Amino acid sequence: MTASTLPADTADLAFARKDILRIATAGSVDDGKSTLIGRLLYDSKAVFEDQYEAVERASAGGDYVNLALLTDGLRAEREQGITIDVAYRYFATPRRTFIMADTPGHVQYTRNMVTGASTADLAIVLVDARKGMLEQSRRHAFLASLLRVPHLVVAVNKMDLVDWSEKTYEAIRDEFTSFAAKLNIPDLTVIPISALHGDNVVTRSANSPWYDGSSLLHHLEHVHVASDRNLVDSRFPVQFVIRPQSDAFHDYRGYAGTVASGVLRPGDEVQVLPSGLTSTVAAIDGPRGPVDEAFAPMAVTVRLKDDLDVSRGDLICRPQNAPQVTQDLDAMIAWMADEPLRPRQRLAIKHSTRTVRAMVKDLQYRLDVNTLHRDMEATELGLNDIGRVQLRTTQPLFIDDYSRNRVTGRFILIDEATNATVGAGMLTTST
């Protein structure tokens, strides 16, 4: 029985339970990122007929339909022929649901790639088969590594323009593999494709008989991401305290939020930070009622047996497995504002559901993402720069190393005057 033959409620539940894969695409200018996403959307039947007809008209004739227009929605992008913002697109197959972030290729939009890749399970880096691996290709691979994206796919695009040369593909594959060995990339896959014509995108192509791997969509459908989740460290940041003003629920007190990592079950002994008080999980309520367990990224309401003073920004964890509680932060910062970051600067920091004020204690170095060189003499971080920074907060935060927990190991910096996000940080708890 398929989801389409199930009762409506059951079919909805079956669809909701489908695995979700978050993808970030990156590449140099004109490598075909938007065309690739357009091809995936079109070939997976995620494009309405009127959308396709509109794109066909906008293509202004020619031998092919410009599928890149399905994603390049901004007028400035169409005029310049480049992607300058993060465009999110959604599509699904019977096996998986996909959320794709089309991130910019220009070096001046590094901040946009950081935004798009920060929550990604997999990154696709496109390489033009005619140009080979460029400086920007290395930069995108490094950023994916820095953001701890577990899976990286190198899509060698425009293979039709090099006559599907196996030698060209192997040269790019070997060079990228050699460079990736210097980075923290646990899973690397290289696939030859033609996004324009659809070769090896959704189905295997007869134009590459020497390639024995899977098509891109087949790889996206089957890449194993369940083991990437941290199921060991129970972390539940409290987002909202629920106390209904109703006689029927006058005794109800629940703590709503999204599980960051680990597993919580009724009967588990837990600790609440920063108070350090302990209690036991009485029940866990989901959108459809009580659940036997909660794990990332489920949004649930946790009820405790004891009436503790718990508020937004607190964190529920296990007593024997608590995060580090500290006011001194050591982090890699991606700076996103025109005004540079400098020592002694005061900012607001949002970490999980907790927001506090902070001061920049020290800038240790600025990192050249193209050469991996550390500039120890740097005195500031400019727009799109990445560097290692020490911060001091006014109140303690409950942190984990970013390499261990991408939720409790990250934060954003906010300009209190404008309320604008000016930086993104990845925490390091070890020296």
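The values are calculated or read from the model by the stated rules, or taken from the named source; none is laboratory data. Fair warning: this is a prediction, and the values are worked out from it, not measured in the lab. In this analysis, Cβ positions are derived from the backbone assuming ideal geometry, glycine residues included, and neighbour counts consider all displayed protein chains. We work out accessible area using only protein heavy atoms, side chains counted, and drop any ligands, DNA or RNA first. Shrake-Rupley method; radii C 1.70, N 1.55, O 1.52, S 1.80 Å.
Suppose every Lys and Arg Cβ carries +1 and every Asp and Glu Cβ carries -1, with no other charges. What dipole size does segment 300-376 come out with about its Cα centre, to the nearest 20 debye?
So the dipole magnitude of segment 300-376 works out to roughly 120 debye.
Efficiency by 1/(1 + (r/R0)^6): what FRET value for HIS373 and GLU269, r their Cβ-Cβ distance, R0 = 51 Å, to the nearest 0.05?
That gives a FRET efficiency of 0.60.
Report the gain in length on full extension from SER178 to ALA299: 0.36 nm times residue separation, minus Cα-Cα distance, nm rounded to one decimal.
Length gained between SER178 and ALA299: 39.5 nm.
Any idea how far the Cα center of segment 313-376 sits from the one of segment 221-287, in Å?
Taking the Cα centre of each part, segment 313-376 and segment 221-287 sit 26 Å apart.
Kirkwood Rh over Cα pairs of segment 124-190 into Stokes-Einstein at 37 °C, 0.692 mPa s: D in µm²/s?
Reported coefficient: 275 µm²/s.
Quick one: Cα convex hull volume of segment 385-431, Å³ per residue?
103 Å³
Please compute the length gained on full extension between ARG204 and ILE20, using 0.36 nm multiplied by the number of residues separating them and subtracting their Cα-Cα distance.
63.9 nm is the gain from fully extending ARG204 to ILE20.
Treating only the Cβ of Lys, Arg, Asp and Glu as charged (+1, +1, -1, -1), what charge dipole size does segment 115-268 show about its Cα centre? Round to the nearest 20 debye.
440 debye
How big is Rg to Rh over segment 280-331, alpha-carbon atoms, Rh as the Kirkwood inverse-mean-distance radius?
Result for segment 280-331 is an Rg/Rh of 1.03.
Compute the label zone of ALA283 within segment 301-333: residues whose backbone N is under 15 Å from the point 7 Å along Cα-to-Cβ.
Zone members listed by number: 301-306.
Return the inverse of the average 1/r over all pairs of distinct C-alpha atoms in segment 298-431, which is the Kirkwood hydrodynamic radius, in Å to one decimal.
Averaging 1/r across every pair of different Cα atoms and inverting gives 15.8 Å.
Roughly how many Å² is the accessible area per residue of segment 157-235, as a whole number, for a 1.4 Å probe?
Per-residue accessible area for segment 157-235 comes out at 49 Å².
Obtain the nm distance between the two label points defined at THR326 and PHE240 by a simple spin-label model: each point lies 7 Å from its Cα along the Cα-to-C-beta direction.
3.3 nm
What are the extents of the Cα atoms of segment 208-268 along their three principal axes, listed from largest to smallest and rounded to whole Å?
70, 24, 18
In the P(r) worked out for segment 251-320, what percent of Cα pairs fall beyond 18 Å?
Considering segment 251-320, 28 percent of its Cα-Cα pairs are separated by more than 18 Å.
Take the Cβ-Cβ distance between LYS350 and ASP228 as r, set R0 to 30 Å, and report the resulting FRET efficiency rounded to the nearest 0.05.
Efficiency at R0 = 30 Å is approximately 0.80.
Over segment 237-324, with the other protein chains present, what is the accessible area per residue in square angstrom, probe 1.4 angstrom?
Accessible area per residue: 53 Å².
Can you pull the Rg over Rh of segment 154-306, Cα-only, Kirkwood?
1.26
For a Förster distance of 45 Å, can you work out the FRET efficiency between the beta-carbons of ALA92 and ASP362, rounded to the nearest 0.05?
Taking R0 as 45 Å, the efficiency between ALA92 and ASP362 is 0.45.
Relative contact order (percent) for segment 196-255, with alpha-carbon contacts under 8 angstrom and 6 or more residues of separation?
So the answer I get is 20 percent.
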